[in-house]
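In what follows, a single structure is set out as structure tokens and then discussed.
The values are calculated or read from the model by the stated rules, or taken from the named source; none is laboratory data. Just so we're clear, the structure is a prediction, and the values are computed from it rather than from any experiment. Please note: Cβ atoms are built from the backbone with ideal geometry, for glycine as well, and neighbour counts cover all protein chains shown. Accessible surface is based on the protein model in full, side chains and every heavy atom, while ligands, DNA and RNA are left aside. Shrake-Rupley method; radii C 1.70, N 1.55, O 1.52, S 1.80 Å.
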Amino acid sequence: MIQISNLHKWFDQLEVLKGIDLLIPRGETAVIIGPSGSGKTTLLRCLNLLEIPTQGTIELGNKSIHFDKSTKLTSTEIVSFRKSTGMVFQGYNLFPHLTALENIIEGQIIVLKKTKAEAEKKARALLEKVGLGDRADMYPHQLSGGQQQRVGIARAMAMEPEVLLFDEPTSALDPELVGEVLKVIKDLAKENMTQVIVTHEMNFAREVADQVIFMDQGVVVEKGTPSEIFQNTKNQRTLQFLNKVAER
Amino acid sequence: MFSNQERIDRIIGILIDSFFPILKAGIQFTIPLTIITFVLGLILALLIALARLSSVKVLIVLAKFYVWIFRGTPLLVQIFILFYGLPSFGITLDPFPAAVIAFTLNKGAYSSEIIRAAILSIPKGQWEAAFSIGMTKSQAMRRIIIPQSIRVTLPPLGNSFISLVKDTSLAATITVTELFQKGQQIASVTYEPLWIYIEVAFIYLIFSTVLSYFQEKLELRYDKGIAK
């Protein structure tokens, strides 16, 4: 479960998040949509402390951090919180000097202190799961974008996080490769992995989300089930955004 | 006077007789001096680069100061201060260790900038990916950033390694009988400076060529994982 209360984030003079409240129950998939600059990526990055919120509270599983001006987190606190989250990046960010398999092994050995054999077993199982069992020994540059992103998902999964965070996971992909990545995410949703996904893929959002969150200008404008947001919304800003996206 | 033929024979004789003594001086002093100072210089450079990139203000200032001093003054002057200057403080160094220390301190300053630039060239996303799987800053540096930086540092470090081979000739000024010093000795007894120094240049060229070859091999080895 993730509970976010009154979360604010300032970059210097600019307030990017203006008091976000969200509850994402365990095992559910939440999809965040909204125009660019709405703060959705910043919100996601706050959840694994790549950005440190200026104010508010984040509860994740049994961990809870309160932020305000006097909060000075130690790197131990940050790392321990981060271990409960996994992140999938828009630009994949695989480690280019390591093979697909080594990308997935690395954190297990260095962070989770597993043995090489354990880590490799898990990594191979995960590669199999994302449909890349035969690509284990390839370097990232030898893989297509879709394959790289699936390795990215496997790398995040290997740390056994309580929640997976996706930052526009298909935005950098050629259209014909989007499907293979979305399928992996859908499978994870079916297995009741808790997921928070920032995306522009509206059809996908409708299909996979338990909760759709529409953000604009640093606030949550509306949240609800896919049908509440996509079919039955009365909110003018939501309607405007959905119409704009549909025009494309 | 000698006839032309006699003069040519004499020069060839001198070149043949002097080749191995000069080469030997190179193998005995130039090569060890180069390799020892390069390795020590690299270790020093890594420490300076890490200090420079740390978030501790004192370390940053110290590292900057160090680079400022050693990059801003001539290597020859640094060597002279160490060898001829320090005895006035009661510290007397033998020529070879003095040369090692001077070259190490100088190389450390230059190479630290190469390493720092290489570390900064790694995209921010690599740090974030490392953080996202729970790594600490030092784990990310050691396991993700530095291994990728090595590839970036190889061409400029190779350059600086080869210039070090030649810079070691400055050790001649503090009586280390390395390659150049040996050449000087032979030139001064044979009165054939032109031919002897061409021979000296040729032997330096052999050393640099062999080292460039190894540099290329190393670069190829670290090229894995990089799209062509």
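The heavy atoms of A:Val196 offer some 0 square angstrom of accessible surface to a 1.4 angstrom probe. Span-like helix criteria (full DSSP H runs; alpha carbon extent of at least 18 Å along the helix axis; mean Kyte-Doolittle hydropathy of at least 0.5) are satisfied in chain B by B:31-53, B:57-72, B:95-121, B:193-221. Charged side chains reduced to their Cβ positions (Lys and Arg at +1, Asp and Glu at -1) give chain B a dipole of some 1220 debye around its Cα centre. Residue by residue along A:139-145, Cβ atoms of other protein chains within 10 Å of the local Cβ number 2 on average. Largest GNM mean-square fluctuation among A:Thr74, A:Thr115, A:Thr194, using chain A with Cα springs under 10 Å: A:Thr74. Rounded to the nearest 5, the antiparallel percentage of DSSP beta bridges internal to chain A is 60%.
Residues of the stretch A:87-132 losing 30 Å² or more of accessible area relative to the isolated chain, 1.4 Å probe, heavy atoms only? Correct list: A:Phe89, A:Asn93, A:Phe95, A:Pro96, A:His97, A:Glu106, A:Ile110, A:Val111.
The length gained on full extension between A:Lys116 and A:Leu23, counted as 0.36 nm times the residue separation minus their Cα-Cα distance, comes to 29.8 nm. Accessible surface area normalised per residue over the stretch B:4-227 is 52 Å², counting heavy atoms of protein chains with a 1.4 Å rolling probe.
Counting only helical runs of four or more DSSP H residues, what would the 222 nm mean residue ellipticity of chain A come to if each run contributes -39,500 (n - 2.57) and the total is spread over all its residues? The per-residue figure over chain A is -11500 deg cm²/dmol. About its Cα centre, the stretch A:1-89 has a charge dipole of approximately 180 debye under the convention of +1 per Lys or Arg Cβ and -1 per Asp or Glu Cβ, with nothing else charged.
With a Förster radius of 56 Å applied to the beta-carbon distance between A:Lys63 and B:Leu205, the computed FRET efficiency rounds to 0.30. Against the criterion of solvent-accessible heavy-atom surface with a 1.4 angstrom probe, B:Asp9, A:Asp167, A:Asp68 sort, most first, into B:Asp9, A:Asp68, A:Asp167. Simple spin-label estimate for A:Glu207 and A:Asp134 gives 2.4 nm between the two label positions (7 Å along the Cα-to-Cβ direction from each Cα). Once the 1.4 Å probe is applied to the protein heavy atoms, chain A comes out at 45 Å² accessible per residue.
Summed over both chains, the accessible area lost when A and B associate is about 2000 Å², using a 1.4 Å probe. Positive contributions from Lys and Arg (+1) and negative ones from Asp and Glu (-1), summed over other residues with Cβ under 12 Å from the Cβ of B:Lys64, come out at +3. Ligands, DNA and RNA left out, the 1.4 Å accessible surface of the protein assembly as shown is 60% carbon and sulfur atoms. The accessible-area ordering, largest first, of the residues B:Leu40, B:Leu220, A:Leu49 stands as B:Leu220, B:Leu40, A:Leu49, per a 1.4 angstrom probe.
Panel note: contact residues of the stretch B:124-142 (accessible area lowered by at least 10 Å² against the chain on its own; 1.4 Å probe) correspond to B:Gly125, B:Gln126, B:Glu128, B:Ala129, B:Phe131, B:Ser132, B:Ile133, B:Gly134, B:Met135, B:Thr136, B:Gln139.
With the charge dipole of chain B set up from +1 on Lys and Arg Cβ and -1 on Asp and Glu Cβ about the Cα centre, the Cα lying farthest toward the positive end among the listed residues B:Ile133, B:Pro21, B:Leu211 is that of B:Ile133.
This model, with +1 at the C-beta of Lys and Arg and -1 at the C-beta of Asp and Glu, gives the stretch B:1-129 a dipole about its Cα centre of some 520 debye. Looking at the protein assembly as shown alone, DSSP beta bridges between its own residues are antiparallel in about 60 percent of cases.
In the stretch A:26-174, a dipole from Cβ-located charges (positive for Lys and Arg, negative for Asp and Glu) runs towards its positive end, and of A:Ile65, A:Leu47, A:Gly34 it is A:Ile65 whose Cα lies farthest in that direction. Projecting the Cα positions of A:Leu112, A:Thr199, A:Gly146 onto the charge dipole of the stretch A:80-220 (unit charges on Cβ atoms of Lys, Arg, Asp and Glu, taken about the Cα centre) puts A:Leu112 furthest along the positive direction.
Sorting B:Val61, B:Val176 on solvent-accessible area from highest to lowest, probe radius 1.4 Å, gives B:Val61, B:Val176.
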